[in-house]
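Since the structure comes first, as structure tokens, the remarks are kept for the end.
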Amino acid sequence: MPLRLFQALLFLLVSVPFAIPVLYSPNAVFRSEAAAFGLSALLVLAALALPRGRRAPLPWMIWPWLGLAAVIGVQCLVLDTPYWSLRLIPIAYLVVGALSILALARARDAYGWAPLLSALAWGLVMGALANSGFALPQVADKLLYGSGRVYGNIGQANMYGHYLAWGLAGVAWLAARREVPRWLFWAAAAWLTVSLAWCGSRSVLLYAAAWLVLGGLAGWRVRDEDTRRLGRFLLGAALAMVAAQLLTPFLNELVALVLGKGHDVPTALERISANGARRLVEWRKAWMTFLMHPLLGVGWSGYPAYSVSLHSAPELARAMESKLFTHSHNSLLNLLAETGIVGTACVLAGLVAGVVGLWRRPDSPVAWLGAALLSVSLLHSLVEYPLWYFHFLGPFLLFCLVFHDTAPAWRLPDLAARALAILVGALGVALTVVGMQTYMLIWPLMTPSKSPTESVQQIVRLEGLRRHPLVDFYADFALSNYVVANEAEIDWKLSVLDPLNRVRPYPAQLGKAALLHALRGEEAEARRLMREAVYAYPANLDWFAQMPLPYFQYPAVPGMLDEVAQARAFFAGLKTKPR
């Protein structure tokens, strides 16, 4: 029974959260994250069903994540913390994730890797196939109309490609273990790699390159037959990825010929030269942020404000894209910016230990499976931030144990391990329930009602939620939608907007705050906020120029408008310069 429980939880963890459609408000992927977090907490509690008396291993792979959680905890004490939710939630993610590693390590000691990895692989395969099925209407729209995104239920094409690659690794493992016939591997690989080509994610090319190396090494440089077989299936999957990128355009043309419609449906190879200038700018700003705060960084979730602030430099403002980059799109640089050397060293130490572990046990097929799964996540993390979402982070942490499952000789007494499982697991389940309840409270309040009386009642409810440590940021963000920039209640309005602009400065919040500070006679602050706003969000220049006009008689307002005029002239100059 305990084995079946672990198998079921592993299967569900890597499949169910990815089958939940996104819901935009106040957090697009909240339900997926909550499902993954709750299942990880149940995995922690499942360790209570294991045979008694076994001393628990403390795998090396739990310590990087507990170390990072400790760093964020220290940041709460020594750095500015406008919102507890933006730091307490990642701490909870990391602690529950680390304890799920401990639970899986105990289950491995009791039952071995084979039945556990079988369940995990089947979950990945079934989840990937289900998502590729959910994506079929999106594929049809893309082929029929030549536009649109293919993302399954995951909400973002590159994340969808990441998950399909996990599924491809899962079917390679099952084929290597002879749990599925060879023909079924090739059928699944053909479908998943064509689905990867349809989504247009360029990261797929990185995955293929990594698996070509891993598959080649494991398939021909290792003595163990199981490992060699896995390596060859990984190599086959990598070659199938490349082949699909080359052949899918012909398939698209055939569909267009049958339908009698032209279209433009690029694959990753066809998008390889697409503009990535803004990513390069964000990487540069993240590095600049790290250099300003090298030890502990600027604090978890602190990078977005630095991104907007630094973007007013002319050499950076040339990369125009009017949206907030809440992440630098490079997880290593973002870790450096937000956690400094200390936090980044915790994570890198664990990953380096895993590579050393693979080097020392090359005949373990389990380690090579872990390497294949982690390579997808780590390569994607170099250009985006999948692991900032718990439905990706939770499985990733378990894959870390698959990659490197050694532990120190010292083990935790069974009673202590059970007490820890009860404490952390029950807390995780409770947080999941509270989070779901609070989410149901806050999402109807994100938009003001058309009825003034009802809007006032909504504001009162949001005022209460501002003190909730799990949703204080989202409550303030919702309240900012109720703020009207005028002479009334300026202090209260700025108490909402100023903390938001210290963590995630969006254009409306920046513009309203700039005007409110100008109405209060604080010209320097008003100009600073408007300067950041106009260079970070050039698409909103007309609104920034028109919004303050009714208050032009206030002495600080003309200075704000000077910032808008200077930015308008700057961007006009960019358009007239020869390429």
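The values are calculated or read from the model by the stated rules, or taken from the named source; none is laboratory data. Source: prediction; values computed, not measured. Cβ placement follows ideal geometry from the backbone for every residue including glycine, while neighbour counts extend to all protein chains displayed. Ligands, DNA and RNA are stripped out before the accessible areas are found, and what is left, the full protein with its side chains, is counted by its heavy atoms. Shrake-Rupley method; radii C 1.70, N 1.55, O 1.52, S 1.80 Å.
Can you bin the range 112-231 into rounded, prolate or oblate? Criterion: square roots of the alpha carbon gyration tensor eigenvalues sorted a ≥ b ≥ c, rounded for a/c under 1.5, prolate for a/b above b/c, oblate for the rest.
prolate
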- Message: Please list, in order along the range 61-75, the HN-Hα scalar couplings obtained from phi with the Karplus expression 6.51 cos²θ - 1.76 cosθ + 1.60 (θ = phi - 60°), rounded to whole Hz, x for Gly and Pro.
- Response: 6, 7, 6, x, 7, 5, x, 5, 4, 5, 4, 5, x, 4, 4
- What length, rounded to one decimal in nm, is gained on full extension from VAL356 through to ASN486, with 0.36 nm per residue of separation minus their alpha-carbon distance? 40.7 nm
- Message: Distance between the C-alpha centers of the range 358-414 and the range 97-128? Whole Å please.
- Response: 12 Å
- Query: Quick one: Karplus J couplings for the range 331-339, per residue in order, coefficients 6.51, -1.76, 1.60, θ = phi - 60°, nearest Hz, x for Gly and Pro?
  - Reply: 5, 5, 5, 5, 4, 4, 5, 9, 10
- Query: With a ≥ b ≥ c the root eigenvalues of the C-alpha gyration tensor of the range 476-544, is it rounded (a/c under 1.5), prolate (a/b larger than b/c) or oblate?
  - Reply: oblate
- Query: Whole-Hz Karplus ³J(HN,Hα) for the range 93-103, in order, using 6.51 cos²θ - 1.76 cosθ + 1.60 and θ = phi - 60°, x for Gly and Pro?
  - Reply: 4, 5, 5, 5, x, 5, 6, 5, 4, 4, 4
- Message: Per residue, how large is the accessible surface of the chain? Use a 1.4 angstrom probe and give square angstrom.
- Response: 41 Å²
- Query: In whole percent, how big is the carbon plus sulfur part of the accessible area of the range 365-438, probe 1.4 Å, protein atoms only?
  - Reply: 81 percent
- Query: Of the accessible area of the range 1-147, with the probe set at 1.4 angstrom, what percent is carbon plus sulfur?
  - Reply: 72 percent
- Query: Relative to the longest principal axis of the chain, what angle (0 to 90°, nearest 10) does the C-alpha long axis of helix 452-465 take?
  - Reply: 50 degrees
- Any residue on another chain or 5+ positions along whose placed amide H is under 5 Å from the amide H of GLY200 is listed here as ALA268
- Item | Assigned charges on the beta-carbon of Lys, Arg, Asp, Glu; the chain dipole about Cα centre (debye) | 1400 debye
- Message: Give the separation of the Cα centroids, the range 28-87 to the range 278-332, in Å.
- Response: 27 Å
- Message: Need the full-extension length gain, ARG418 to ALA430, defined as separation in residues times 0.36 nm minus the C-alpha distance. One decimal, nm.
- Response: 2.5 nm
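Before rounding to the nearest 500, sum -39500 (n - 2.57) across all DSSP H runs of length at least 4 in the chain and divide by the residue total; then give [θ] at 222 nm in deg cm²/dmol. Please list the in-between numbers first.
Working: 24 runs with 401 residues, N = 579.
Computed ellipticity for the chain at 222 nm equals -23000 deg cm²/dmol.
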- Task: Quick one: which residues, 5+ away or cross-chain, put their amide H under 5 Å from the amide H of LEU412? H built at 1.01 Å from N.
- Result: ALA56, LEU58
- Query: So how far apart, in nm, are the two label points at ASP562 and LEU549 if each is 7 Å from Cα heading toward Cβ?
  - Reply: 2.1 nm
- Modelled label-to-label distance, ALA572 and LEU280, 7 Å Cα→beta-carbon offset: nm? 2.8 nm
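Give the calculated FRET efficiency between MET288 and LEU382 to the nearest 0.05, with a Förster radius of 22 Å applied to their Cβ-Cβ distance.
Given R0 = 22 Å and the Cβ-Cβ separation, E is 0.75.
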